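Notes to accompany the following structure.
Readers should treat all values here as calculations from the given coordinates under stated rules, not as data from a laboratory. The structure displayed is predicted, hence computed values, not measured ones. Neighbour counts are summed over all protein chains in view; Cβ atoms, including those assigned to glycine, are modelled from backbone coordinates with ideal geometry.
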Amino acid sequence: MAVTNGVPSKNILANKRLEIEFGDAKPLYTQVEAILEANRCLYCYDAPCTKACPAKIDIPSFITKIAGGNLLGSARTILTANMLGLSTGRVCPVEELCVGACVYNDLNHQPIQIGRLQRYVVQKALEIEQSGSRQLFVPKEDCGKKVALIGAGPASLACASYLTMEGIKSVIFEKSDLPGGLNTTGVAPYKLQTEEWLQEVKWLLSYGVELKTSVEAGRDFQLDSLLGDYDAVFIGIGLGSDRKLGIPVEDGTTVWGATELIQKIKNEPNFQIPEEIRSVVVIGGGNTAIDIARELAMLGVRESKIVYRRTEKEMRGYKHEMTGAREYGVRLFENLRPVEIILDDNRVTVLRAEPTTTDQVREFPCDWVVAAIGQEEHVSHLSADMKMDKNGRVIVDPITRETSLPNIYAGGDCVNGGKEVINAVEDGREAAFAMLRSWGMETKPNHGIQQQKDTSGGR
């Protein structure tokens, strides 16, 4: 078991990773760009952007402070509602949430770029704090309570952060060497790269959260045993391996699971796309399918196709993501389900798919097939007594996030089946507040975080 007060240094991430070849899809604003964009905001009363934000960040307030030069104040407004404000500013589907709700859309003007403003201000505020000149928050003194968190993904990190600020000892148990969950292994590198995300994790842990890596629930400890040493437990273990297609010769061939392939691109040293891989077919209709198809196209695969069993209008993936993929040459084929993979010398040569409306089979010559049809749930091994739905997801109270077992809470993908990072943050935050209430500790509108007095305006 490894115990760390931070995250591994840069050298644990190999320099020769495909991830570092990707550019930044939404580059960091300069100071001038941020101020100009902030001054476009109408500062709406009863702002629709805030209503559309799962974390309910007071968006007009933080943008107003940017315009006034109060970076630390702006960052505190964001972080009191969303402690993962830096990464969510990059990976949130803002086009579907806050930016999509901006009133400028109804006026046929470019909406305020809220995600980019959020990323800018939080990154600059963290740089100020790391320089030692100013501190964003001051945690309360230890109150004697302890919480164990299983899994070091966004839900657990958010939960632990809010608890730590209230003087609760928080210990995260992570089975991998690296913390971060899918932000580390599964987010498209043109949205967020691992090294950047781990710096945010390091900042979160710097407030006193304890991280134990290479330790796994069910192998190194049992869920029930934790309650003997801790006052509460939070489960944030995400999802498991990629789901199989369930068609002939799927195993033992050049067929990938989407999250498996994305992880190799992001984290595996010296992993490369062989030159002979010229055509890839991705199966699925969610954002992961779109992401991996776009990534492969950006890495030079000549033909990157998506095969989906329904129509484009029925895709779970966002419209703006599909539009972005098409800009790199990704093609979508609708109303087709895979039925067989043809091999030659144990290599994929053809994917056969049949239309859902007819019996006519279509053939797609290809070198790789990538399955992006979801991930398996893997929570049942933690406790036979914990209630789960028919899909294997943990059932929780919608307000407290408490499971059917007393003092055991859960959030993130193991509950919602795979939503956005911001949804995981919301689950972790609400679970933390529920724990505080159960112990008679008041949660104030600022979530009980003691802010360091800042008389300078944060400039």
> Just going by the charge dipole of the chain, with Lys and Arg at +1 and Asp and Glu at -1 on Cβ, which of C366, G228, G153 is farthest out on the positive end?
Replying inline: G153
>> Can you classify the stretch 109-168 as rounded, prolate or oblate using the Cα gyration tensor, where a ≥ b ≥ c are the square roots of its eigenvalues, rounded means a/c under 1.5, and otherwise it's prolate if a/b beats b/c and oblate if not?
In response: oblate
>> Check which residues have an amide H placed less than 5 Å from V339's amide H, if you skip close sequence neighbours.
In response: R352, A353, E354
>> Given the options Y45, A55, L79, identify the residue whose Cα lies farthest towards the positive end of the charge dipole of the stretch 2-130 (+1 on Cβ of Lys, Arg; -1 on Cβ of Asp, Glu).
In response: L79
>> For Y409, what residues show an amide H to amide H distance below 5 Å, using hydrogens built from the backbone and excluding near sequence neighbours?
In response: V233, F234, I235, T403
>> Here is the link list: K56/K124; K145/K202; K319/K419; K169/K387. Which ones come out longer than 19 Å on Cα distance?
In response: K56/K124; K145/K202; K169/K387
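Averaging sequence separations of C-alpha pairs under 8 Å and six or more residues apart, then dividing by the length of the stretch 2-130, give the relative contact order as a whole percent. Each step should come with its number before you reach the end.
Working: 136 pairs, mean separation 34.4, N = 129.
Here the relative contact order equals 27 percent.
Can you classify the stretch 2-130 as rounded, prolate or oblate using the Cα gyration tensor, where a ≥ b ≥ c are the square roots of its eigenvalues, rounded means a/c under 1.5, and otherwise it's prolate if a/b beats b/c and oblate if not?
Details: a/c = 1.95, a/b = 1.66, b/c = 1.17.
Prolate shape, in that a/c is at least 1.5 and a/b is the bigger ratio.
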>> Give me, ordered by chain and number, the residues 5 or more places off K140 or on other chains with an amide H under 5 Å from its own placed amide H.
In response: E166, G167, Q450
>> Rounded to whole Å, give me the distance from the Cα center of the stretch 140-175 to that of the stretch 271-289.
In response: 38 Å
>> Output wanted: per-residue J couplings in Hz (rounded whole) for the stretch 346-355, from phi through Karplus 6.51 cos²θ - 1.76 cosθ + 1.60, θ = phi - 60°, x for Gly and Pro.
In response: 6, 10, 5, 10, 8, 9, 9, 9, 10, x
>> At R0 = 25 Å, how high is the FRET efficiency between T253 and R302 if r is their beta carbon distance? Nearest 0.05 is fine.
In response: 0.75
>> Placing unit charges on C-beta atoms (Lys and Arg positive, Asp and Glu negative, everything else neutral), compute the dipole magnitude of the chain about its Cα centre in debye, rounded to 20.
In response: 1060 debye
> Once label points are set 7 Å from the Cα along Cα→Cβ at both E327 and E127, what is their separation, rounded to one decimal in nm?
Replying inline: 2.5 nm
> With the contact rule set at Cα under 8 Å and sequence spacing of 6 or more, what percent relative contact order holds for the chain?
Replying inline: 19 percent
>> I'd like to know which of G257, H381, P398 lies farthest towards the positive end of the charge dipole of the chain, counting +1 on Cβ of Lys and Arg and -1 on Cβ of Asp and Glu.
In response: P398
> Once label points are set 7 Å from the Cα along Cα→Cβ at both Y45 and E260, what is their separation, rounded to one decimal in nm?
Replying inline: 5.7 nm
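Run the helix sum for the chain: -39,500 (n - 2.57) per DSSP H stretch of 4+ residues, divided by residue count, reported at 222 nm to the nearest 500 deg cm²/dmol. It would help to have the intermediate numbers written out before the result.
Numbers: 16 runs with 148 residues, N = 459.
Counting only the DSSP helices, I get -9000 deg cm²/dmol.
Among rounded, prolate and oblate, which fits the stretch 255-371 when a ≥ b ≥ c are the square roots of the eigenvalues of its C-alpha gyration tensor, a/c under 1.5 means rounded, and a/b larger than b/c means prolate?
Values: a/c = 1.91, a/b = 1.15, b/c = 1.65.
Oblate shape, in that a/c is at least 1.5 and b/c is the bigger or equal ratio.
Suppose R0 equals 45 Å; then what is the FRET efficiency for I35 and D359 from their Cβ-Cβ distance, rounded to the nearest 0.05? Display every interim value, and only then the final one.
Numbers: r = 61 Å, r/R0 = 1.35.
Calculated value: 0.15.
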> Cα centroid distance between the stretch 43-95 and the stretch 349-391, in Å?
Replying inline: 37 Å
> Between E340 and E442, how many nm apart are label points set 7 Å from Cα along the C-beta direction?
Replying inline: 7.1 nm
> Counting Lys and Arg as +1 and Asp and Glu as -1, each charge on the Cβ, what is the dipole of the stretch 22-140 about the Cα centre in debye, to the nearest 20?
Replying inline: 340 debye
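Among the DSSP beta bridges whose two residues both lie in the chain, what percent are antiparallel, rounded to the nearest 5?
Details: 19 of 50 bridges.
Bridges in the chain are about 40 percent antiparallel.
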> Residue-wise, which Karplus ³J(HN,Hα) couplings in Hz belong to the stretch 105-113, taking 6.51 cos²θ - 1.76 cosθ + 1.60, θ = phi - 60°, and x for glycine or proline?
Replying inline: 4, 6, 9, 6, 10, 4, x, 4, 7
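Report the extension gain between D385 and K140 in nm, rounded to one decimal, defined as 0.36 nm multiplied by the number of residues separating them, less their alpha carbon distance.
Working: separation 245, 0.36 × 245 = 88.20 nm, distance 3.53 nm.
Additional length available on full extension: 84.7 nm.
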> How do the peptides 392-403, 43-54 rank, highest first, by the average count of neighbouring beta carbon atoms within 10 Å per residue?
Replying inline: 392-403, 43-54
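Within the stretch 266-359, what percent of beta bridges assigned by DSSP are antiparallel, to the nearest 5? Each step should come with its number before you reach the end.
Working: 8 of 16 bridges.
Once the DSSP bridges in the stretch 266-359 are tallied, antiparallel ones form about 50 percent.
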